[in-house]
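First up is the structure itself, then whatever we jot down about it.
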Amino acid sequence: MPGRPEHVAPHVDTETPTGAVGVSAPALPSPRGELRRPAEADWQAVLDAIAGASSVDLLAHVLPDGDALGSALAVGLALRQRGVDVRVSFGDDPQVVPASLSFLPGQELIVPVSAVPERPELMISFDVADARRLGLLQAKAEAARQLVVVDHHTSNAGFGTLRLIDPLAPATAVLVDELLRRLGVPLDQQIATCLYAGVASDTGSFRYAATTPATHEFAARLLAAGVPHDAISRRLWDTQSFGYLKVLAAALERAELEPQAAGGRGLVWTWVPWADLLAHGVPPEQIEGLIDTVRKAAEAEVALVLKEDPDGSLRGSSRANGSVDVALACAALGGGGHAYAAGFTSHRGVAATVAAFRTAIDEQSAPISD
Ligand code: MN
């Protein structure tokens, strides 16, 4: 099992893993050196579980992104074709599909938390690195007779009864493609659109280091199935409310550059008070991508955005370009994720949280010589 169970977070940042141009390693092995891709027997056990189930519950993580929800809906559409009683859900209250994902087919399969059975027969989670990321559905998942975990996070804690975890996969959607192939379900336009949302989201539109020739071959098959990739890209990357632009402007105005941090590699950070979201009518899921703007600062290897929740806690999203492992840094704050993209939740104030993060990246960064 890959993973670092002692370093797992209630909020592991998952929206855009494995960033970084010019870094060749697709993923770093976990500190324990374990990096086992699913074996033939793992796939077979999951196929057997699905074949024996009359009802299946498919879960994305809280605040679902394109990979989590796209993966769950793709399997939902496939199983519905096969006559399986299928539900898709995620443990948020209220349960909101982000506007950027409004194009996803199969949303009629989504049910509220209350409609998920107390003791599901077969539950499959997608892109969920830690059971706590199931939110309000964690208890029902733990009560499920069978819980299959389909994921690609190096920090996956190894929960569930069956696991398909590949830390080298650029997206959970890639694992779902393999699952559907083994189920004998062809990629129709709807399923392909769901999977495209997953792989495009998690590779930053095929820019990140985890993107391989196989990723592009996967995308080619999806496009051949009729995915409207131009419209999806505009929705995923190039559409925001005016209110978001104002929140972004304030966050950029507030940004700090610390060139000496991370052994001289540099840290850029900012934060977003809850009041800003309220003032501009911006739901919290809409600022998940703000880190991608902040990380553009050439002077900083590491970027950090703190997002305040209504209870005053801070959700941290961090990115690095390859010479700092932010999964390790976030683990020091009780979080986790990928080496290039990770997150945490802090109950301290902004200054104390940034100080703790700075210490964590300093500790693993030898000063740059010459
Ligand atoms: Mn993912």
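The values are calculated or read from the model by the stated rules, or taken from the named source; none is laboratory data. Since the model is a prediction, treat every value here as computed from it, not as a measurement. Here the Cβ is made from the backbone with ideal geometry for all residues, glycine too, and neighbour counts use every protein chain on show. Only protein heavy atoms, including side chains, enter the accessible area calculation; ligands, DNA and RNA are left aside. Shrake-Rupley method; radii C 1.70, N 1.55, O 1.52, S 1.80 Å.
Only loop residues by DSSP count here, and only those with at most 15 other Cβ atoms within 10 Å; note down the chymotrypsin sites (Phe, Trp or Tyr not before Pro) in the stretch 162-229 that meet that.
Phe206
Counting only residues 5 or more places away or on other chains, whose amide H sits under 5 Å from the amide H of Ser155 once H atoms are built in the peptide plane?
Placed amide hydrogens put Gly337 under 5 Å from Ser155.
Among the lysines, which fall within straight-line cross-link reach of Lys296, defined as a Cα-Cα distance under 30 Å, with same-chain neighbours fewer than 8 residues apart omitted?
Result set, ordered by chain and number: Lys246, Lys307.
Let's see if you can work this out: charge +1 on each Lys and Arg Cβ, -1 on each Asp and Glu Cβ, no other charges. What is the dipole magnitude of the chain about its Cα centre, in debye to the nearest 20?
It works out to roughly 280 debye.
Any idea what angle helix 350-363 forms with the longest principal axis of the chain, computed on alpha-carbon atoms, 0 to 90 degrees, nearest 10?
Orientation of helix 350-363: about 90 degrees from the principal axis.
Considering only DSSP beta bridges where both residues belong to the stretch 242-363, give the percentage that are antiparallel (nearest 5).
75
Collect residues whose amide H, placed 1.01 Å from N in the peptide plane, falls under 5 Å from the amide H of Leu164; neighbours closer than 5 in sequence don't count.
HN-HN under 5 Å from Leu164: Val149, Val150, Asp151.
For the stretch 197-229 and the stretch 152-191, compute the distance between their C-alpha centroids and round to whole Å.
14
Counting only heavy atoms of protein chains, what accessible area per residue, in Å², does the stretch 152-201 have with a probe of 1.4 Å?
That works out to 25 Å² per residue.
One-quarter of the Cα convex hull surface for the stretch 89-146, in nm²?
4.3
Using the crude model of +1 on Lys and Arg Cβ and -1 on Asp and Glu Cβ, and no other charge, please compute the dipole size for the stretch 156-265 relative to its Cα centre, in debye to 20.
80
Averaging over all projection directions, find the projected area of the Cα convex hull of the chain and quote it in nm² with one decimal place.
Result: a mean projected hull area of 17.1 nm².
Report the equivalent ellipsoid semi-axes for the stretch 273-354 in whole Å, largest first, defined as the square roots of five times the eigenvalues of the gyration tensor built from alpha carbon atoms.
Working through the eigenvalues yields semi-axes of 22, 15, 10 Å.
Using a 1.4 Å probe on the protein chains only, how many percent of the accessible area of the chain belongs to carbon and sulfur?
53
What fraction of the DSSP beta bridges in the chain is antiparallel, stated in percent and rounded to the nearest 5?
For the chain, the DSSP antiparallel bridge percentage is about 40.
In bins 5 Å wide, starting from 0, what share of all Cα pairs of the stretch 40-237 does each bin hold, as a percent?
1, 8, 18, 23, 22, 17, 8, 3, 0
Relative to the present Cα-Cα distance, how much length would full extension add between Gln44 and Gln95 at 0.36 nm per residue of separation?
15.1 nm
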